[in-house]
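These notes are about the structure you will find just below.
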Amino acid sequence: MAGYKFGNKANFGENTTLSGSFQYVLGSGNSNSADYTAVGGLSNTAVSTAEESLVWGSGSQVSGSNNLVVGGSHVIENACDFNIVGGTTCSGTGGGFDGNLMCGGNLKSTNRYNLTVGTNNINDTDFNGLGGHIVGGKANTLSGSNYGLMIGSGNTGPTDFHNGIQLGQEGVVQDNKYGAISTSAGKFAAVGDAQLTTHLVYRGQTTNNTATVIYNQANSAAKWLLAANDSVIVKATVIGRKAGDAGQSAAYEVIAAFKNQGGTSTIGTTGVTKRVLNEDTGTTNYDATLAVNNTDDTFELKVTGDTGHNVNWMAHVEVMVLNVA
């Protein structure tokens, strides 16, 4: 049996429009102006820039090339290429929506290599975002992402969300925090007013016996900001090791409470609780502590080595935040 042979167009249905080369249309009310593209279903449109795509379902508008679009009422703008989209009412916009996988309802993404699933999620819509982000769940909004994960409902991500994880319900990630895990389980009044952030890795170096502030990413731009009406508990587990010699090490656990009241940041009335976990011989002057910086409205994690000692310091920092207006 030889079967059927068509030319560079095939049209099965009614009220359809074809213009271009090697196009295929099945269904009703479809328009296909893109080369090497197949459109099927009801009232879909593939414009001339949507070449080498497959569009199937109803009411979708596709302008980008090399896309697989299945479902209903999707919008894929021009220069948004190499994507797989399924579900309903999803959109890829901004000209940087490339290489995405999107499946669900009412989803939006504008940057490259994102995975967006669930419903009513917005993934990576700020120019600071570099893509490579995963958002799943319901009603999460991420402004600018860099290779992180947000799962849950009602969470908000900032314009600089780096390599971190936001889990739970109605949480807010702080800007410019690398590798942190933030969790929440609802709010009192505002998103992010009751949450816990862990796995903040701080690091830095000392070469003398002067107290030195260390930061996430070893960068002062990543300091933790105490917002107005914040009350927080900070717990840091700190370890330092001298380079060379006998590899002398010291380790500490420090805990303190802080608050910002009316723009004035203070440390709790009991100060810092410190536990010495280890101090090798030769580390008598080593130390770790927490302090408040009212000028910058932040807490500071300070470490001290000794004169002539090149010491690398690392800390795991946890921050529990309660915000009450």
Checklist entry - To the nearest µm²/s, what D does Stokes-Einstein give for the stretch 197-323 at 4 °C and 1.567 mPa s, using the Kirkwood radius over alpha carbon pairs as Rh? => result 88
Item to check | Square roots of 5 times each gyration tensor eigenvalue, C-alpha, the chain, largest first, Å | outcome: 55, 21, 13
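What does DSSP give for the chain in terms of the percent of beta bridges that are antiparallel, rounded to the nearest 5?
45
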Item to check | Among Gln174, Gln23, Gln195, residue whose mean-square fluctuation peaks in a GNM of the chain (springs only between Cα atoms under 10 Å) | outcome: Gln23
Checklist outcome for this item: Checking rank on 264-276, 224-236, 244-256, with mean other Cβ inside 10 Å and highest first, the result is 224-236, 244-256, 264-276
Checklist outcome for this item: Here the relative contact order (percent) of the stretch 9-192, from C-alpha pairs under 8 Å and at least 6 apart, is 8
Item to check | Dimensionless Rg/Rh of the stretch 140-212 - Kirkwood Rh, Rg from C-alpha atoms | outcome: 1.11
Checklist entry - If the limit is 19 Å between Cα atoms, which of Lys177/Lys274; Lys223/Lys302; Lys187/Lys223 go over it? => result Lys177/Lys274; Lys187/Lys223
Checklist entry - Rg to Rh for the stretch 9-192: what is it, with Cα atoms only and Rh by Kirkwood? => result 1.08
Item to check | Exposure proxy order (Cβ contacts within 10 Å, fewest to most) of Met150, Met102 | outcome: Met102, Met150
Checklist entry - Based on the mean of other beta carbon atoms within 10 Å per residue, what is the order of 25-31, 167-173, most packed first? => result 167-173, 25-31
Checklist outcome for this item: For the chain, averaging the sequence separation of alpha carbon pairs under 8 Å that lie six or more residues apart and dividing by its residue count, the contact order in percent is 9
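Readers should treat all values here as calculations from the given coordinates under stated rules, not as data from a laboratory. What you see is a predicted model; the values in this text were computed from it and never measured. Note that each Cβ is placed from the backbone with ideal geometry, even for glycine, and that neighbours are counted across all protein chains shown.
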